[in-house]
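One structure below.
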């Protein structure tokens with residue numbers, strides 16, 4: 001078996017014993033053997049990246065996995081020298097790298113309206129003219145479960161008001177900044193791993 005797509009155990013079939021680890025030296029030897037045999041027998045071999053395998057496998061380290069942007073927000077009052085450790089953004093698999101630290105002023109006019117999340121569904125229809133057999137039009141309007149979402153304040157920010165503070169933060173996340181007067185939001189941006197894993201595999205091929 002050249003690859004494990006996880007479909008062999010459908011319809012009550014038992015799992016096939018896992019072969020050599022994908023991409024290992026032993027796997028590569030078997031792969032070359034399959035190519036040689038196909039050539040000898042006049043067969044064609046086709047390959048494609050399946051959706052369950054495009055993120056790699058167990059040989060992929062956190063440094064090389066799929067990444068996502070993550071951030072933390074710290075609010076401060078200015079007109080003084082700020083010395084503060086910025087909160088570490090959300091991380092996964094113990095991997096995180098900083099990218100940039102930005103600050104912008106918080107003023108009453110740049111806040112967006114509060115998100116409305118408890119609207120009731122409204123239904124409407126218009127009956128078309130013409131002849132038709134006797135019919136009954138029925139619509140159901142059942143309550144939906146309200147999903148709990150994390151409440152976050154959203155702002156409209158002018159590009160020219162944003163200050164780059166990347167050079168003001170050390171490698172441990174400590175910020176030192178002579179902040180201008182007013183209230184400020186400081187955003188620490190970075191990237192970490194996603195929660196994506198190989199989805200269709202078995203045994204030690206997970207990763």
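General observations
- Residue that is modelled with the lowest pLDDT [pool: residues in region 175-199 that are assigned to a loop (DSSP other than H, G, I, E, B) and within 20 Å of residue 67 (Cα to Cα)]: 199
- Selection from region 67-108 of residues that are loosely packed, with under 14 Cβ neighbours inside 10 Å, touching a residue at least 60 places away in the same chain (Cβ under 8 Å) and not in a strand (DSSP E or B): 79, 87, 90, 93, 107
- Residue 172 being outside any strand (DSSP E or B), modelled with pLDDT of 95 or more and under 27 Å from the mean Cα position of the chain (by Cα): yes
The values are calculated or read from the model by the stated rules, or taken from the named source; none is laboratory data. As the structure is a computational prediction, the values presented were derived from the model and not from experiment. Note that each Cβ is placed from the backbone with ideal geometry, even for glycine, and that neighbours are counted across all protein chains shown.
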